[in-house]
1. Can residue 92 be described as touching a Phe, Trp or Tyr at 6+ places or on another chain (Cβ under 8 Å) and part of a loop (DSSP other than H, G, I, E, B)?
2. Listed residues 39, 27, 22; which is assigned to a loop (DSSP other than H, G, I, E, B), at negative phi and not β-branched (Val, Ile, Thr)?
3. Specify which of the listed residues (113, 94) is assigned by TED's automatic domain parsing to the domain that holds residue 182, of a type in the set (A, V, I, L, M) and either touching a helix residue (DSSP H, G or I) at 6+ places or on another chain (Cβ under 8 Å) or farther than 24 Å from residue 23 by Cα (or both).
4. What number of residues in segment 117-146 are surrounded by 17 or more Cβ atoms within 10 Å (Cβ to Cβ) and at pLDDT below 95?
5. Among the residues of segment 37-96, count how many are farther than 24 Å from residue 177 by Cβ and aromatic (Phe, Trp, Tyr).
6. One residue is enough: does segment 165-181 have a residue meeting the conditions at pLDDT 95 or above and in a loop (DSSP other than H, G, I, E, B)?
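The values are calculated or read from the model by the stated rules, or taken from the named source; none is laboratory data. Just so you know, these numbers come straight off a predicted model, no measurement behind them. Here the Cβ positions follow ideal geometry from the backbone for every residue, glycine too, while neighbour counts run over all protein chains shown.
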Amino acid sequence: MDQRIVILISGRGSNMESIVHRCAEQRWPAQVVAVVANRPGAGGLAFAASRGMATAVVDHKAFNTREAFDAELAHVIDGFSPDLVVLAGFMRILGSALVQHYQGRMLNIHPSLLPAFPGLHTHRRALQAGCRAVGATVHFVTPELDHGPIVMQSVVPVMPGDDEHALAARVLATEHVIYPLSVRWFVEGKLDVRDGVVHQADGASQVLI
């Protein structure tokens, strides 16, 4: 039986689109069954609907507490019986209870070489720090923000004259490669976490340079 994937977005969902496309093109043993957004105007919802996927909105502004938002979000996600929950530009910090509810079956991507530069404004901070290389990290989600066992990373050089927008675009292009690959490994049962370290069953490289 195909693995069921639910993707969470807040905006246009370019990583979500790349996962949906690769899933179909490469015939993964999986299907994206739903896309859930926390913003009613999230651009990715239209793409999902056009592909025949279920969509839902849990507007964080409608809740007085994070706990109430998390509870409703979990209720909506669980309604789609997911095997994997994928955060693809989902710009809300999730509480510990929700994260633990999906422990071992929730992935996120962050636009830095974690554990460097968790949180926001990663490219600006990397440039200010004089980094010569940056990248993106796919990781399992844990209660600590932008931490968790690392599935795969991309490494991107910082070029002379780069500003944060140019750097972000170069990193995003690699995200569209490493995130679908990481999700494919998960649904194919090729990820093994031992002592907080993720091992790929085939011995495939877990870095894109």
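1. On the way: touching a Phe, Trp or Tyr at 6+ places or on another chain (Cβ under 8 Å): yes; part of a loop (DSSP other than H, G, I, E, B): yes.
Considered against the rule, which asks whether it is touching a Phe, Trp or Tyr at 6+ places or on another chain (Cβ under 8 Å) and part of a loop (DSSP other than H, G, I, E, B), residue 92 comes out as yes.
2. Values: 27 fails: at negative phi; 22 fails: assigned to a loop (DSSP other than H, G, I, E, B).
The unique qualifying residue is 39.
3. Details: 94 fails: assigned by TED's automatic domain parsing to the domain that holds residue 182.
Result: 113 is the single residue among 113, 94 that is assigned by TED's automatic domain parsing to the domain that holds residue 182, of a type in the set (A, V, I, L, M) and either touching a helix residue (DSSP H, G or I) at 6+ places or on another chain (Cβ under 8 Å) or farther than 24 Å from residue 23 by Cα (or both).
4. Going through segment 117-146 one residue at a time, the tally reaches 1.
5. 3
6. No, segment 165-181 has no match at all.
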